[in-house]
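Structure first, then comments.
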Amino acid sequence: MTVYADRLAVLIQTVADAGLQGLIINQTSYIFHLSGWMPPHGAPVFLVIGPRCVVLVTPFEPDAPGQIWNQSIWYDAWHTSALTPAVDRAIVALREAVSGAGLHRHAAVGAACDALPARVALSLLDIVHLRDAHDLLFRATMIKDAVAQQAIRERVAMLDHAFVAAARSIRPGVSELEVYGAIVADLTLALGAPPVVECVFGSGPRTLTNEPQPTSRILAPGDVVLIDLFPNLSGYVADYTRCFVVGAATDAQLAQHLALQQALEAAERALRPGIAAVEIDRLVRQSIETAGYGPWCYQHHTGHGFGVLAVEPPWILPSSTTLLEEGMVIAIEPGIYHPGYGGMRLEGNYIITGDGCESLAGYPAVLTECR
C-alpha cells in the first residue's frame with residue numbers, strides 16, 4: 001500500500017467508528033494530505049468517501065501521484081456560460097458523486113461544516129443527513145506518519161531561513177511591511193511557488209495588541225519586533241515565532257525573553273508520549289510565574305498541533321487532559337506581554353518521539369539584536 005492508501009484506510013476506519021456511512025471533504029489541505037494532489041485555487045473540489053467507492057469532484061482530471069479515488073466526475077468551471085455559476089455546476093456533480101459513492105437517501109454523512117459553504121450544504125439536505133465531522137478529521141490526522149513528518153521538517157527549515165531574512169532587514173527607518181516583504185520573498189524562492197504567508201506581526205507598542213498584522217509603521221531603535229509565521233507551504237504548514245530588537249536590547253528586554261527561553265526549555269524536557277497536555281501547560285505557566293512575570297503571562301493557549309492545518313489538536317490548554325502520543329507534531333508558544341518592555345512570544349516546534357521529542361525549529365531561540 002502507498003502512504004496515501006494507508007491514510008485513506010485510517011480515515012475510513014475513523015468514519016466507521018463514528019457511526020457514519022460516508023464523508024465529504026472540501027478542504028484542500030486534507031485532500032492534499034490524502035492524495036498528494038493540490039486542488040486548484042478558487043475552484044470547488046470535493047472528495048466523497050462512501051461504502052461503494054471514493055469519488056473526486058473536480059473541474060479537470062488531476063495528475064495525482066497517489067490516486068485514492070475510484071472515479072472522478074468533472075464539471076466545467078470556466079468555459080461554459082457565465083450565467084451558470086461554477087458552484088452550481090459543481091453541486092450537480094457532487095450530488096452525482098454522493099450517489100455514485102453508494103450514499104443513499106438519509107445516509108449519515110460527515111463534513112467539516114465550518115468549511116462547507118452553506119449553498120453546498122443546503123443542496124444536499126434532501127439526499128443525506130449531514131453531520132459535523134470537524135473533530136473526526138482532526139482525529140484521523142493527529143498522528144503524522146513518517147512522510148508527513150519529513151514534509152513538516154522541510155517546511156520548518158524554510159522558516160529558519162525566513163527569520164534570517166527578517167533579521168537582515170530589521171533596522172531603524174524600515175517599515176513592518178518591508179520586513180514582511182523580505183520574509184515573503186525568501187519563502188517564495190525557497191518554495192519555488194507563491195506561498196500563503198499567514199502571520200502575526202507587530203513592533204513597538206503593537207506587540208501588545210491582539211493578533212497584529214504588518215503595517216507601514218516605521219521601526220525605531222529599541223522596538224521589539226514579534227514575528228509569528230504559520231504559512232501553508234505547498235500543502236503543509238510550519239509555525240513558529242521569534243522576537244527581535246531594533247538595535248541593542250535593554251537588560252529588561254533580555255531578562256523578559258530569557259524567562260520565555262526557560263519556559264520553553266521546561267516544556268521540551270517534559271515532552272514525551274503519555275504526558276497530559278495539561279501538565280505541559282502547567283509547567284510552562286509555572287516557569288513564567290517563578291521568573292516573576294506572572295501578571296503579564298500569556299492568556300492564550302500554550303500550544304497546539306499543526307501540519308495539515310495551522311492549528312489542530314492536540315490543544316495544550318489548562319483544561320486539556322489529552323495524552324501526547326508518538327507521531328504528534330506540536331507547537332509550544334509561551335508569551336509575556338509587559339507594557340513597559342514590549343510583548344514577546346517564543347515558539348518551538350516538536351515531533352513527539354518514542355522517548356521524548358525532536359525539536360525542529362533551527363533559528364536561535366534568543367532575542368535577536370538587529371544592529
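The values are calculated or read from the model by the stated rules, or taken from the named source; none is laboratory data. None of these values were measured; they are calculated from a predicted model. Counting neighbours? That spans all protein chains shown, and the Cβs are built from the backbone with ideal geometry, glycine included. When the accessible area is computed, the model is the full protein with side chains, heavy atoms only, and any ligands, DNA or RNA have been set aside. Shrake-Rupley method; radii C 1.70, N 1.55, O 1.52, S 1.80 Å.
Points to keep in mind about this one:
- Residue in region 26-58 that is surrounded by the most Cβ atoms within 10 Å (Cβ to Cβ), counting only those that are among the hydrophobic types (A, V, I, L, M, F, W, C) and touching a helix residue (DSSP H, G or I) at 6+ places or on another chain (Cβ under 6 Å): Val48
- Residue within region 233-243 that is without any contact (Cβ under 8 Å) to a residue 12 or more places away in the chain, out of contact with any helix residue (DSSP H, G or I) (no Cβ under 7 Å at 6 or more places or on another chain), part of a loop (DSSP other than H, G, I, E, B) and on the phi < 0 side of the Ramachandran plot present: no
- Screening Gly222, Gly181 for residues that are part of a helix (DSSP H, G or I) and free of Cβ contacts under 8 Å to residues at least 40 places away in the same chain leaves exactly one candidate, Gly181.
- Region 10-25, subset assigned to a helix (DSSP H, G or I) and open to solvent by 50 Å² or more (accessible area, probe 1.4 Å), residue farthest from Ser123 (Cα to Cα): Val10
- Meets criteria (under 25 Å from Pro44 (Cβ atoms) and either under 22 Å from the mean Cα position of the chain (by Cα) or not in a strand (DSSP E or B) (or both)) for Ile152: no
- Subset of region 285-310 that is among the β-branched types (Val, Ile, Thr) and either closer than 13 Å to Tyr350 by Cβ or free of Cβ contacts under 8 Å to residues at least 12 places away in the same chain (or both) - its residue that is most open to solvent (accessible area, probe 1.4 Å): Thr290
- Residues of region 246-266 satisfying the condition of being part of a helix (DSSP H, G or I) and in contact with a Pro (Cβ under 8 Å, 6 or more places away or on another chain): Leu260, Ala263, Leu264
- Among the residues listed as Tyr4, Tyr75, the single one being open to solvent by less than 80 Å² (accessible area, probe 1.4 Å), within 24 Å of the chain's Cα centre (by Cα) and not β-branched (Val, Ile, Thr): Tyr4
- Some residue of region 265-281 being over 24 Å from the mean Cα position of the chain (by Cα) and either under 28 Å from Gly222 (Cα atoms) or surrounded by 15 or more Cβ atoms within 10 Å (Cβ to Cβ) (or both): no
- Hey, Phe306 more than 16 Å from the chain's Cα centre (by Cα) and modelled with pLDDT of 95 or more or not: no
- Within region 269-302, the residues that satisfy the criterion of being among the small types (Gly, Ala, Ser) and either out of contact with any strand residue (DSSP E or B) (no Cβ under 6 Å at 6 or more places or on another chain) or at positive phi (or both) are Ala270, Gly274, Ser287, Ala291, Gly292, Gly294.
- Strands (runs of 3 or more DSSP E) wholly inside region 270-361 containing at least 2 residues that are touching a helix residue (DSSP H, G or I) at 6+ places or on another chain (Cβ under 7 Å): 312-316, 329-332, 335-338, 342-345, 348-352, 357-359
- Within region 244-257, restricting attention to residues that are of a type outside the set (Gly, Ala, Ser) and in contact (Cβ under 8 Å) with a residue 12 or more places away in the chain, the residue that is surrounded by the most Cβ atoms within 10 Å (Cβ to Cβ) is Gln256.
- Pairing residues of region 328-353 that are touching a residue at least 24 places away in the same chain (Cβ under 8 Å) and closer than 28 Å to Ala151 by Cα with residues that are of a type in the set (Val, Ile, Thr) and in a loop (DSSP other than H, G, I, E, B), at Cβ distances under 8 Å and at least 6 apart in sequence or on separate chains, gives Ile332/Thr302; Glu333/Thr302; Pro334/Thr302.
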